[in-house]
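Below is one structure; the comments refer to it alone.
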Amino acid sequence: MYILHDPLLEKFREIRAYQRKIKKAKAKKNDELAKLLLSRAPSYRLDMVIRDRYPTFIDALRDLDDPLTMVHLFAMLPAIDRLKIEVKRIHNCRRLCHEWQAYISRTHKLRKVFVAVKGIYYQAEVDGQKITWLAPHARQQVLTDDVDFNVMLTFLEFYEALLGFVNFQLYHSINVKYPPILDPRLEALAADLYALSRYFDANHRAAIQEPQVAGSSRSEQEQEESDLRLAQLQHQLPANEPGALMHLVQDASSEIEEEETTRNCKNLFQNKKIFLSREVPRESLLFVIPAFGGIVSWEGDGAPFAESDDSITHQIVDRPTQGHVYLSREYVQPQWVYDCINARIILPTEPYMVGRDPPPHLSPFVDDEAEGYVPDYAKTIRQLQAAAKSDIQPLPGTGNDELDNSQNMLAEGFINRTEAMEAAEKKQEMMFLEKQYHNELKMELQGVSSINKLNSEDTESKEQSLPDVEEQSAEDPSRLMMSRKKRGLYKAIEMGKQQKKERVEKLKERKRNIEAAQKSEKKHKKAQVS
(Lines give C-alpha, C1' and ligand atoms only; values in the text may rest on other atoms or scores of the structure.)
Protein backbone atom coordinates (compact mmCIF):
# COMPACT_ATOMS: atom_id res chain seq x y z
CA MET A 1 0.00 0.00 0.00
CA TYR A 2 2.91 2.32 0.70
CA ILE A 3 4.39 1.75 -2.76
CA LEU A 4 0.99 2.22 -4.42
CA HIS A 5 0.83 5.77 -3.06
CA ASP A 6 4.43 6.64 -3.92
CA PRO A 7 4.63 10.12 -5.53
CA LEU A 8 7.02 8.73 -8.12
CA LEU A 9 4.25 6.56 -9.59
CA GLU A 10 2.06 9.60 -10.13
CA LYS A 11 4.97 11.27 -11.90
CA PHE A 12 5.39 8.24 -14.17
CA ARG A 13 1.70 8.36 -15.08
CA GLU A 14 2.00 12.06 -15.87
CA ILE A 15 5.02 11.43 -18.12
CA ARG A 16 3.18 8.59 -19.90
CA ALA A 17 0.17 10.83 -20.58
CA TYR A 18 2.46 13.60 -21.82
CA GLN A 19 4.21 11.20 -24.21
CA ARG A 20 0.81 10.34 -25.70
CA LYS A 21 0.33 14.04 -26.47
CA ILE A 22 3.71 14.18 -28.23
CA LYS A 23 2.89 11.04 -30.20
CA LYS A 24 -0.48 12.47 -31.21
CA ALA A 25 1.11 15.73 -32.38
CA LYS A 26 3.64 13.81 -34.47
CA ALA A 27 0.89 11.68 -35.98
CA LYS A 28 -0.96 14.85 -37.07
CA LYS A 29 2.36 16.16 -38.50
CA ASN A 30 2.20 19.20 -36.25
CA ASP A 31 5.97 19.62 -35.88
CA GLU A 32 5.83 22.95 -34.06
CA LEU A 33 3.53 21.57 -31.36
CA ALA A 34 5.67 18.43 -31.06
CA LYS A 35 8.85 20.50 -30.56
CA LEU A 36 7.09 22.70 -28.01
CA LEU A 37 5.85 19.67 -26.08
CA LEU A 38 9.29 18.07 -26.15
CA SER A 39 10.90 21.20 -24.72
CA ARG A 40 8.40 21.21 -21.85
CA ALA A 41 8.49 17.48 -21.08
CA PRO A 42 8.21 16.73 -17.33
CA SER A 43 11.02 14.95 -15.50
CA TYR A 44 11.42 13.21 -12.15
CA ARG A 45 14.04 13.06 -9.41
CA LEU A 46 15.06 10.17 -7.15
CA ASP A 47 16.00 12.28 -4.13
CA MET A 48 13.01 11.19 -2.06
CA VAL A 49 13.60 7.50 -2.84
CA ILE A 50 17.24 7.71 -1.74
CA ARG A 51 16.37 9.52 1.48
CA ASP A 52 13.71 6.91 2.29
CA ARG A 53 15.98 3.96 1.56
CA TYR A 54 19.06 5.35 3.37
CA PRO A 55 18.03 7.25 6.51
CA THR A 56 21.66 7.75 7.57
CA PHE A 57 24.89 8.28 5.66
CA ILE A 58 26.40 5.06 7.05
CA ASP A 59 23.54 3.09 5.46
CA ALA A 60 24.43 4.55 2.07
CA LEU A 61 28.12 3.69 2.53
CA ARG A 62 27.28 0.08 3.44
CA ASP A 63 25.34 -0.34 0.20
CA LEU A 64 27.93 1.32 -2.04
CA ASP A 65 29.74 -1.77 -3.43
CA ASP A 66 27.32 -2.54 -6.25
CA PRO A 67 26.71 1.11 -7.27
CA LEU A 68 30.45 1.77 -7.60
CA THR A 69 30.99 -1.39 -9.66
CA MET A 70 28.08 -0.58 -11.97
CA VAL A 71 29.09 3.05 -12.47
CA HIS A 72 32.72 2.09 -13.17
CA LEU A 73 31.49 -0.49 -15.68
CA PHE A 74 29.36 1.98 -17.66
CA ALA A 75 32.15 4.55 -17.53
CA MET A 76 34.17 2.18 -19.76
CA LEU A 77 31.37 1.19 -22.16
CA PRO A 78 30.87 2.77 -25.59
CA ALA A 79 27.75 4.81 -26.34
CA ILE A 80 25.32 2.81 -28.51
CA ASP A 81 21.94 4.23 -29.56
CA ARG A 82 20.22 0.90 -30.19
CA LEU A 83 20.92 -0.16 -26.58
CA LYS A 84 19.85 3.29 -25.26
CA ILE A 85 23.34 3.90 -23.82
CA GLU A 86 23.71 7.66 -24.30
CA VAL A 87 26.91 9.68 -24.43
CA LYS A 88 25.60 11.95 -21.68
CA ARG A 89 25.19 9.00 -19.33
CA ILE A 90 28.69 7.68 -20.06
CA HIS A 91 30.19 11.11 -19.33
CA ASN A 92 28.19 11.36 -16.11
CA CYS A 93 29.46 7.94 -14.96
CA ARG A 94 33.06 8.96 -15.69
CA ARG A 95 32.58 12.19 -13.77
CA LEU A 96 31.16 10.38 -10.72
CA CYS A 97 33.97 7.81 -10.81
CA HIS A 98 36.67 10.49 -10.96
CA GLU A 99 35.07 12.46 -8.14
CA TRP A 100 34.95 9.35 -5.94
CA GLN A 101 38.53 8.37 -6.78
CA ALA A 102 39.76 11.92 -6.17
CA TYR A 103 38.24 11.94 -2.68
CA ILE A 104 39.66 8.49 -1.80
CA SER A 105 43.07 9.49 -3.14
CA ARG A 106 43.07 12.86 -1.39
CA THR A 107 42.04 11.51 2.01
CA HIS A 108 44.25 8.37 1.70
CA LYS A 109 41.35 5.98 2.36
CA LEU A 110 42.48 3.27 -0.09
CA ARG A 111 43.53 0.01 1.58
CA LYS A 112 43.81 -2.87 -0.93
CA VAL A 113 44.31 -3.28 -4.69
CA PHE A 114 44.28 -6.49 -6.72
CA VAL A 115 44.66 -6.78 -10.49
CA ALA A 116 42.65 -9.72 -11.86
CA VAL A 117 41.40 -10.90 -15.24
CA LYS A 118 37.97 -9.28 -14.74
CA GLY A 119 39.46 -5.93 -13.78
CA ILE A 120 41.06 -4.18 -10.82
CA TYR A 121 39.58 -4.72 -7.36
CA TYR A 122 39.83 -1.80 -4.93
CA GLN A 123 38.94 -1.60 -1.25
CA ALA A 124 38.62 1.65 0.67
CA GLU A 125 37.67 2.35 4.27
CA VAL A 126 35.37 5.35 4.73
CA ASP A 127 33.92 6.15 8.16
CA GLY A 128 34.73 2.64 9.37
CA GLN A 129 32.96 0.97 6.41
CA LYS A 130 34.96 -1.23 4.03
CA ILE A 131 33.85 -0.56 0.45
CA THR A 132 35.01 -2.91 -2.32
CA TRP A 133 34.40 -2.33 -6.01
CA LEU A 134 35.62 -3.62 -9.37
CA ALA A 135 36.85 -1.35 -12.16
CA PRO A 136 37.21 -2.94 -15.62
CA HIS A 137 40.42 -2.68 -17.58
CA ALA A 138 40.74 0.25 -19.97
CA ARG A 139 40.27 -1.59 -23.25
CA GLN A 140 37.71 -1.68 -26.04
CA GLN A 141 34.52 -3.32 -24.80
CA VAL A 142 32.41 -5.53 -27.07
CA LEU A 143 28.72 -5.60 -26.10
CA THR A 144 26.68 -8.74 -26.67
CA ASP A 145 22.94 -9.23 -27.09
CA ASP A 146 22.77 -11.72 -24.21
CA VAL A 147 22.60 -8.92 -21.63
CA ASP A 148 19.37 -7.00 -20.99
CA PHE A 149 20.72 -3.45 -20.79
CA ASN A 150 17.28 -2.00 -20.01
CA VAL A 151 17.37 -3.60 -16.55
CA MET A 152 20.97 -2.48 -16.01
CA LEU A 153 20.14 1.08 -17.06
CA THR A 154 17.29 1.15 -14.54
CA PHE A 155 19.68 0.19 -11.76
CA LEU A 156 22.28 2.62 -13.10
CA GLU A 157 19.83 5.51 -12.91
CA PHE A 158 19.35 4.91 -9.19
CA TYR A 159 23.05 4.29 -8.59
CA GLU A 160 24.04 7.55 -10.26
CA ALA A 161 21.75 9.53 -7.97
CA LEU A 162 23.03 7.64 -4.91
CA LEU A 163 26.68 8.19 -5.78
CA GLY A 164 26.00 11.88 -6.39
CA PHE A 165 24.54 12.19 -2.88
CA VAL A 166 27.51 10.31 -1.37
CA ASN A 167 30.08 12.44 -3.20
CA PHE A 168 28.29 15.60 -2.07
CA GLN A 169 28.41 14.51 1.57
CA LEU A 170 32.05 13.39 1.37
CA TYR A 171 33.24 16.59 -0.26
CA HIS A 172 31.46 18.75 2.28
CA SER A 173 32.95 16.69 5.11
CA ILE A 174 36.42 17.96 4.08
CA ASN A 175 35.20 21.53 3.32
CA VAL A 176 35.38 21.25 -0.48
CA LYS A 177 32.70 22.70 -2.73
CA TYR A 178 30.64 20.28 -4.79
CA PRO A 179 30.31 19.85 -7.73
CA PRO A 180 33.94 20.67 -8.52
CA ILE A 181 34.84 23.16 -11.23
CA LEU A 182 37.70 21.74 -13.27
CA ASP A 183 40.32 23.31 -15.48
CA PRO A 184 38.83 23.14 -19.01
CA ARG A 185 42.27 22.56 -20.58
CA LEU A 186 43.00 19.51 -18.38
CA GLU A 187 39.44 18.29 -18.82
CA ALA A 188 39.86 18.42 -22.59
CA LEU A 189 43.10 16.42 -22.27
CA ALA A 190 41.24 13.68 -20.31
CA ALA A 191 43.32 14.43 -17.19
CA ASP A 192 40.31 14.59 -14.88
CA LEU A 193 42.00 13.08 -11.81
CA TYR A 194 44.89 15.55 -12.00
CA ALA A 195 42.41 18.40 -12.53
CA LEU A 196 40.49 17.28 -9.43
CA SER A 197 43.69 17.13 -7.38
CA ARG A 198 44.47 20.71 -8.39
CA TYR A 199 40.90 21.66 -7.43
CA PHE A 200 41.45 20.16 -3.97
CA ASP A 201 44.71 22.11 -3.61
CA ALA A 202 43.00 25.35 -4.62
CA ASN A 203 40.23 24.82 -2.04
CA HIS A 204 42.80 24.00 0.63
CA ARG A 205 44.75 27.18 -0.05
CA ALA A 206 41.54 29.23 -0.02
CA ALA A 207 40.61 27.79 3.36
CA ILE A 208 44.05 28.65 4.79
CA GLN A 209 43.94 32.23 3.52
CA GLU A 210 40.67 33.09 5.31
CA PRO A 211 40.79 36.04 7.75
CA GLN A 212 41.99 35.23 11.23
CA VAL A 213 38.95 36.87 12.80
CA ALA A 214 36.65 34.42 11.09
CA GLY A 215 38.93 31.60 12.14
CA SER A 216 38.90 32.70 15.78
CA SER A 217 35.11 33.03 15.79
CA ARG A 218 34.78 29.56 14.22
CA SER A 219 37.16 28.07 16.80
CA GLU A 220 35.13 29.68 19.61
CA GLN A 221 31.94 28.27 18.12
CA GLU A 222 33.48 24.81 17.83
CA GLN A 223 34.69 25.03 21.44
CA GLU A 224 31.19 25.94 22.61
CA GLU A 225 29.71 23.05 20.65
CA SER A 226 32.24 20.60 22.12
CA ASP A 227 31.55 21.87 25.66
CA LEU A 228 27.82 21.51 25.09
CA ARG A 229 28.26 17.98 23.77
CA LEU A 230 30.47 17.03 26.72
CA ALA A 231 27.88 18.41 29.15
CA GLN A 232 25.15 16.39 27.43
CA LEU A 233 27.24 13.23 27.63
CA GLN A 234 27.99 13.82 31.31
CA HIS A 235 24.28 14.32 31.93
CA GLN A 236 23.22 11.23 29.97
CA LEU A 237 25.82 8.80 31.39
CA PRO A 238 25.54 8.11 35.13
CA ALA A 239 28.89 8.20 36.90
CA ASN A 240 28.17 5.18 39.10
CA GLU A 241 27.29 2.87 36.18
CA PRO A 242 30.14 0.38 35.55
CA GLY A 243 31.50 0.64 32.03
CA ALA A 244 29.41 3.69 31.16
CA LEU A 245 32.19 5.30 29.16
CA MET A 246 33.29 2.05 27.50
CA HIS A 247 31.57 2.83 24.20
CA LEU A 248 33.15 6.27 24.04
CA VAL A 249 36.61 4.81 24.72
CA GLN A 250 36.09 2.16 22.02
CA ASP A 251 35.01 4.79 19.50
CA ALA A 252 38.04 6.93 20.31
CA SER A 253 40.42 3.97 20.02
CA SER A 254 38.92 2.98 16.66
CA GLU A 255 39.35 6.56 15.40
CA ILE A 256 43.00 6.58 16.56
CA GLU A 257 43.61 3.24 14.87
CA GLU A 258 42.03 4.50 11.64
CA GLU A 259 44.16 7.66 11.76
CA GLU A 260 47.29 5.54 12.25
CA THR A 261 46.39 3.37 9.25
CA THR A 262 45.72 6.47 7.17
CA ARG A 263 49.06 7.92 8.24
CA ASN A 264 50.89 4.75 7.22
CA CYS A 265 49.18 4.76 3.84
CA LYS A 266 49.97 8.44 3.35
CA ASN A 267 53.70 7.91 4.01
CA LEU A 268 54.20 4.77 1.91
CA PHE A 269 55.39 6.52 -1.29
CA GLN A 270 56.58 9.63 0.50
CA ASN A 271 59.47 11.38 -1.29
CA LYS A 272 58.87 9.09 -4.29
CA LYS A 273 58.53 10.80 -7.67
CA ILE A 274 57.10 8.33 -10.20
CA PHE A 275 56.77 8.74 -13.97
CA LEU A 276 54.39 6.62 -16.04
CA SER A 277 55.20 5.47 -19.56
CA ARG A 278 52.47 5.49 -22.15
CA GLU A 279 51.88 1.71 -22.21
CA VAL A 280 50.97 1.28 -18.50
CA PRO A 281 47.42 1.57 -17.05
CA ARG A 282 47.63 5.29 -16.45
CA GLU A 283 44.23 5.93 -14.90
CA SER A 284 44.62 3.26 -12.23
CA LEU A 285 48.16 4.33 -11.29
CA LEU A 286 47.14 7.99 -11.19
CA PHE A 287 44.55 6.94 -8.62
CA VAL A 288 46.57 4.62 -6.36
CA ILE A 289 49.99 6.35 -6.24
CA PRO A 290 48.77 9.72 -4.83
CA ALA A 291 46.51 7.78 -2.44
CA PHE A 292 49.70 6.50 -0.78
CA GLY A 293 51.62 9.76 -0.76
CA GLY A 294 53.50 9.59 -4.07
CA ILE A 295 53.97 12.24 -6.75
CA VAL A 296 53.12 11.02 -10.24
CA SER A 297 53.34 12.28 -13.79
CA TRP A 298 52.78 10.78 -17.22
CA GLU A 299 53.81 11.07 -20.82
CA GLY A 300 51.55 13.57 -22.58
CA ASP A 301 50.12 17.06 -22.49
CA GLY A 302 49.11 18.56 -19.17
CA ALA A 303 51.58 16.48 -17.13
CA PRO A 304 53.03 18.07 -13.95
CA PHE A 305 56.66 17.35 -14.93
CA ALA A 306 58.45 15.88 -17.92
CA GLU A 307 60.27 12.57 -18.29
CA SER A 308 63.64 14.34 -18.30
CA ASP A 309 63.18 15.56 -14.70
CA ASP A 310 66.25 14.54 -12.66
CA SER A 311 64.28 14.21 -9.42
CA ILE A 312 62.27 11.20 -10.69
CA THR A 313 63.00 8.16 -8.51
CA HIS A 314 61.00 5.45 -10.33
CA GLN A 315 59.63 5.01 -13.83
CA ILE A 316 56.83 2.52 -14.47
CA VAL A 317 57.29 0.75 -17.80
CA ASP A 318 55.79 -2.36 -19.35
CA ARG A 319 57.90 -2.96 -22.44
CA PRO A 320 61.22 -4.85 -22.64
CA THR A 321 63.34 -2.09 -24.22
CA GLN A 322 63.75 1.60 -23.52
CA GLY A 323 64.87 4.26 -25.96
CA HIS A 324 66.73 6.31 -23.37
CA VAL A 325 67.68 5.07 -19.90
CA TYR A 326 68.34 7.46 -16.99
CA LEU A 327 70.80 6.11 -14.43
CA SER A 328 69.33 8.21 -11.61
CA ARG A 329 66.03 6.29 -11.49
CA GLU A 330 64.76 2.72 -11.28
CA TYR A 331 62.68 1.12 -14.02
CA VAL A 332 60.03 -1.25 -12.67
CA GLN A 333 56.88 -2.98 -13.87
CA PRO A 334 53.39 -1.79 -12.77
CA GLN A 335 52.95 -4.80 -10.47
CA TRP A 336 55.59 -3.37 -8.13
CA VAL A 337 53.26 -0.49 -7.20
CA TYR A 338 50.32 -2.77 -6.37
CA ASP A 339 52.46 -5.24 -4.39
CA CYS A 340 53.99 -2.40 -2.36
CA ILE A 341 50.49 -1.12 -1.56
CA ASN A 342 49.26 -4.51 -0.36
CA ALA A 343 52.44 -5.19 1.65
CA ARG A 344 52.57 -1.61 3.10
CA ILE A 345 56.33 -1.51 2.54
CA ILE A 346 58.63 -0.55 -0.32
CA LEU A 347 59.56 -3.90 -1.83
CA PRO A 348 62.91 -4.50 -3.56
CA THR A 349 62.75 -3.49 -7.22
CA GLU A 350 65.10 -6.17 -8.52
CA PRO A 351 62.41 -8.90 -9.05
CA TYR A 352 60.22 -6.34 -10.87
CA MET A 353 62.82 -5.00 -13.28
CA VAL A 354 62.02 -4.68 -16.97
CA GLY A 355 62.26 -7.89 -18.97
CA ARG A 356 61.95 -10.23 -15.97
CA ASP A 357 59.06 -12.43 -14.92
CA PRO A 358 57.69 -10.69 -11.80
CA PRO A 359 56.81 -12.59 -8.62
CA PRO A 360 53.25 -13.91 -8.27
CA HIS A 361 50.68 -11.17 -7.68
CA LEU A 362 49.07 -12.29 -4.40
CA SER A 363 45.52 -11.30 -3.57
CA PRO A 364 45.17 -9.25 -0.36
CA PHE A 365 41.58 -10.49 -0.02
CA VAL A 366 42.67 -14.12 0.63
CA ASP A 367 43.51 -15.28 4.16
CA ASP A 368 46.41 -17.70 3.75
CA GLU A 369 46.02 -19.09 7.25
CA ALA A 370 42.36 -19.96 6.67
CA GLU A 371 43.16 -21.50 3.30
CA GLY A 372 45.91 -23.65 4.79
CA TYR A 373 48.52 -22.79 2.15
CA VAL A 374 51.01 -19.94 2.37
CA PRO A 375 52.83 -19.13 -0.89
CA ASP A 376 56.58 -18.73 -0.78
CA TYR A 377 56.43 -15.08 -1.83
CA ALA A 378 53.96 -14.35 0.99
CA LYS A 379 56.54 -15.68 3.46
CA THR A 380 59.21 -13.47 1.86
CA ILE A 381 56.96 -10.42 2.14
CA ARG A 382 56.28 -11.12 5.82
CA GLN A 383 59.99 -11.41 6.52
CA LEU A 384 60.54 -8.08 4.74
CA GLN A 385 57.73 -6.50 6.75
CA ALA A 386 59.25 -7.75 10.02
CA ALA A 387 62.68 -6.52 8.98
CA ALA A 388 61.23 -3.12 8.06
CA LYS A 389 59.62 -2.81 11.47
CA SER A 390 62.82 -4.07 13.19
CA ASP A 391 60.62 -6.38 15.21
CA ILE A 392 61.22 -9.96 14.10
CA GLN A 393 58.61 -12.21 15.71
CA PRO A 394 57.07 -15.56 14.77
CA LEU A 395 55.36 -14.75 11.50
CA PRO A 396 51.60 -15.47 11.40
CA GLY A 397 50.55 -18.07 8.89
CA THR A 398 54.01 -19.53 8.29
CA GLY A 399 53.29 -22.67 10.28
CA ASN A 400 55.31 -24.50 12.91
CA ASP A 401 58.29 -24.84 10.58
CA GLU A 402 58.94 -21.12 10.74
CA LEU A 403 58.43 -21.11 14.51
CA ASP A 404 61.01 -23.87 14.86
CA ASN A 405 63.57 -21.76 13.04
CA SER A 406 64.14 -19.36 15.93
CA GLN A 407 67.62 -20.81 16.40
CA ASN A 408 68.35 -20.27 12.71
CA MET A 409 67.14 -16.66 12.94
CA LEU A 410 69.35 -16.25 16.02
CA ALA A 411 72.35 -17.61 14.15
CA GLU A 412 71.68 -15.35 11.15
CA GLY A 413 71.55 -12.29 13.39
CA PHE A 414 67.88 -11.36 12.90
CA ILE A 415 67.11 -11.66 16.64
CA ASN A 416 69.11 -11.86 19.84
CA ARG A 417 69.17 -14.73 22.37
CA THR A 418 66.54 -13.21 24.67
CA GLU A 419 64.06 -12.81 21.81
CA ALA A 420 64.79 -16.36 20.67
CA MET A 421 64.01 -17.73 24.14
CA GLU A 422 60.82 -15.66 24.32
CA ALA A 423 59.78 -16.97 20.89
CA ALA A 424 60.39 -20.57 22.03
CA GLU A 425 58.36 -20.05 25.23
CA LYS A 426 55.55 -18.40 23.29
CA LYS A 427 55.58 -21.31 20.83
CA GLN A 428 55.25 -23.86 23.62
CA GLU A 429 52.45 -21.89 25.23
CA MET A 430 50.58 -21.58 21.93
CA MET A 431 50.97 -25.31 21.26
CA PHE A 432 49.62 -26.13 24.75
CA LEU A 433 46.62 -23.80 24.32
CA GLU A 434 45.92 -25.17 20.85
CA LYS A 435 46.02 -28.77 22.12
CA GLN A 436 43.74 -27.87 25.02
CA TYR A 437 41.29 -26.16 22.64
CA HIS A 438 41.19 -29.18 20.31
CA ASN A 439 40.60 -31.54 23.23
CA GLU A 440 37.72 -29.42 24.50
CA LEU A 441 36.26 -29.22 21.00
CA LYS A 442 36.52 -33.00 20.60
CA MET A 443 34.86 -33.57 23.96
CA GLU A 444 32.07 -31.21 23.02
CA LEU A 445 31.51 -32.99 19.71
CA GLN A 446 31.47 -36.37 21.47
CA GLY A 447 28.87 -35.09 23.91
CA VAL A 448 30.93 -35.50 27.08
CA SER A 449 30.36 -31.90 28.21
CA SER A 450 26.63 -31.88 27.43
CA ILE A 451 25.20 -35.13 28.83
CA ASN A 452 21.98 -33.48 29.94
CA LYS A 453 21.39 -32.13 26.46
CA LEU A 454 21.97 -35.56 24.97
CA ASN A 455 19.42 -37.06 27.38
CA SER A 456 16.85 -34.48 26.24
CA GLU A 457 17.59 -35.36 22.62
CA ASP A 458 17.25 -39.11 23.25
CA THR A 459 13.99 -39.28 21.33
CA GLU A 460 15.68 -37.74 18.29
CA SER A 461 18.58 -40.21 18.44
CA LYS A 462 16.15 -43.16 18.53
CA GLU A 463 14.94 -42.21 15.06
CA GLN A 464 18.34 -43.05 13.57
CA SER A 465 18.45 -46.01 11.25
CA LEU A 466 20.41 -49.07 12.40
CA PRO A 467 22.69 -49.37 9.33
CA ASP A 468 23.84 -45.74 9.74
CA VAL A 469 24.69 -46.26 13.41
CA GLU A 470 26.64 -49.45 12.70
CA GLU A 471 28.48 -47.80 9.84
CA GLN A 472 29.41 -44.75 11.95
CA SER A 473 30.46 -46.88 14.93
CA ALA A 474 32.72 -48.89 12.66
CA GLU A 475 34.34 -45.68 11.43
CA ASP A 476 34.51 -43.83 14.75
CA PRO A 477 33.05 -45.31 17.98
CA SER A 478 32.79 -41.86 19.58
CA ARG A 479 30.19 -40.80 16.99
CA LEU A 480 27.78 -43.45 18.27
CA MET A 481 26.66 -41.18 21.14
CA MET A 482 26.05 -38.17 18.92
CA SER A 483 22.64 -37.01 17.81
CA ARG A 484 21.75 -36.86 14.12
CA LYS A 485 22.17 -33.09 14.04
CA LYS A 486 25.66 -33.28 15.56
CA ARG A 487 26.67 -36.10 13.25
CA GLY A 488 25.62 -34.02 10.26
CA LEU A 489 27.60 -31.05 11.56
CA TYR A 490 30.63 -33.26 12.19
CA LYS A 491 30.36 -34.72 8.69
CA ALA A 492 30.17 -31.25 7.15
CA ILE A 493 33.28 -30.18 9.08
CA GLU A 494 35.17 -33.25 7.89
CA MET A 495 34.10 -32.64 4.29
CA GLY A 496 35.27 -29.02 4.51
CA LYS A 497 38.64 -30.11 5.86
CA GLN A 498 38.99 -32.68 3.10
CA GLN A 499 38.13 -30.14 0.38
CA LYS A 500 40.64 -27.69 1.81
CA LYS A 501 43.28 -30.41 1.93
CA GLU A 502 42.61 -31.36 -1.68
CA ARG A 503 42.83 -27.71 -2.73
CA VAL A 504 46.16 -27.30 -0.92
CA GLU A 505 47.51 -30.49 -2.48
CA LYS A 506 46.47 -29.25 -5.91
CA LEU A 507 48.35 -25.97 -5.32
CA LYS A 508 51.43 -27.84 -4.15
CA GLU A 509 51.26 -30.14 -7.18
CA ARG A 510 51.01 -27.13 -9.47
CA LYS A 511 54.02 -25.59 -7.75
CA ARG A 512 56.04 -28.79 -8.18
CA ASN A 513 55.12 -28.94 -11.88
CA ILE A 514 56.21 -25.32 -12.40
CA GLU A 515 59.52 -25.93 -10.63
CA ALA A 516 60.13 -29.09 -12.67
CA ALA A 517 59.36 -27.22 -15.90
CA GLN A 518 61.77 -24.44 -14.91
CA LYS A 519 64.53 -26.95 -14.12
CA SER A 520 64.06 -28.76 -17.43
CA GLU A 521 64.12 -25.43 -19.27
CA LYS A 522 67.40 -24.49 -17.57
CA LYS A 523 68.92 -27.86 -18.45
CA HIS A 524 67.80 -27.45 -22.05
CA LYS A 525 69.41 -23.99 -22.24
CA LYS A 526 72.67 -25.31 -20.75
CA ALA A 527 72.68 -28.15 -23.28
CA GLN A 528 72.19 -25.69 -26.12
CA VAL A 529 75.02 -23.48 -24.85
CA SER A 530 77.40 -26.43 -24.49
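At a 1.4 Å probe radius, carbon and sulfur cover how many percent of the accessible area of the stretch 3-96? Numbers along the way, then the final one.
Details: 3640 of 6750 Å².
Heavy-atom surface of the stretch 3-96 belonging to carbon and sulfur, 1.4 Å probe: 54 percent.
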Carbon and sulfur atoms: what percent of the 1.4 Å accessible area of the stretch 268-365 do they account for? 50
Note down the net charge around Lys84, summing +1 for each Lys or Arg and -1 for each Asp or Glu among other residues with Cβ under 15 Å from its Cβ. -3
Once the mean 1/r over all distinct Cα pairs of the stretch 1-108 is inverted, what Kirkwood radius in angstroms do you read off? 17.4
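Evaluate the Kirkwood expression for the hydrodynamic radius of the stretch 1-44, namely the inverse of the mean inverse distance over all pairs of different C-alpha atoms, and round to one decimal in Å. If you can, show how the numbers build up before the last one.
Numbers: mean 1/r = 0.0878 Å⁻¹.
About 11.4 Å, per the Kirkwood formula over Cα pairs.
Taking every DSSP beta bridge with both residues inside the stretch 268-365, roughly what % is antiparallel (nearest 5)? Mind dumping the intermediate values first?
Values: 1 of 11 bridges.
Roughly 10 percent of the beta bridges in the stretch 268-365 run antiparallel, per DSSP.
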Rounded to the nearest 10 Å², the accessible area of Ser520 using a 1.4 Å probe with every protein chain kept is 60
Please give the FRET efficiency for Thr380 paired with Arg82, using the beta carbon to beta carbon distance and R0 = 45 Å, rounded to the nearest 0.05. 0.30
In whole Hz, what ³J(HN,Hα) sequence does the stretch 22-28 give by Karplus (6.51, -1.76, 1.60; θ = phi - 60°), x for Gly and Pro? 5, 5, 5, 5, 5, 5, 7
If you average 1/r over all unlike Cα pairs in the stretch 268-365 and invert the result, what Kirkwood radius do you get in angstrom? 13.7
Any idea how far apart Ile3 and Ile174 come out in nm if each label point goes 7 Å out from Cα toward Cβ? 3.8
Express in whole angstrom the spacing between the alpha-carbon centres of the stretch 50-66 and the stretch 343-362. 39
Volume per residue, Å³, of the convex hull around the alpha-carbon atoms of the stretch 46-205? 125
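Per-residue counts of other Cβ atoms within 10 Å, averaged by peptide: what ranking do you get for 282-290, 429-437, highest first? Intermediate values should be presented prior to the final figure.
Values: 282-290: 21.8, 429-437: 10.6.
My ranking of the peptides, most packed first, is 282-290, 429-437.
The values are calculated or read from the model by the stated rules, or taken from the named source; none is laboratory data. What you see is a predicted model, and the numbers here were worked out from it, not measured in a lab. Reconstructed Cβ throughout: ideal geometry from the backbone, glycine too, with neighbour counts over all protein chains shown. The area values use the complete protein model at the heavy-atom level, side chains included, leaving out ligands, DNA and RNA. Shrake-Rupley method; radii C 1.70, N 1.55, O 1.52, S 1.80 Å.
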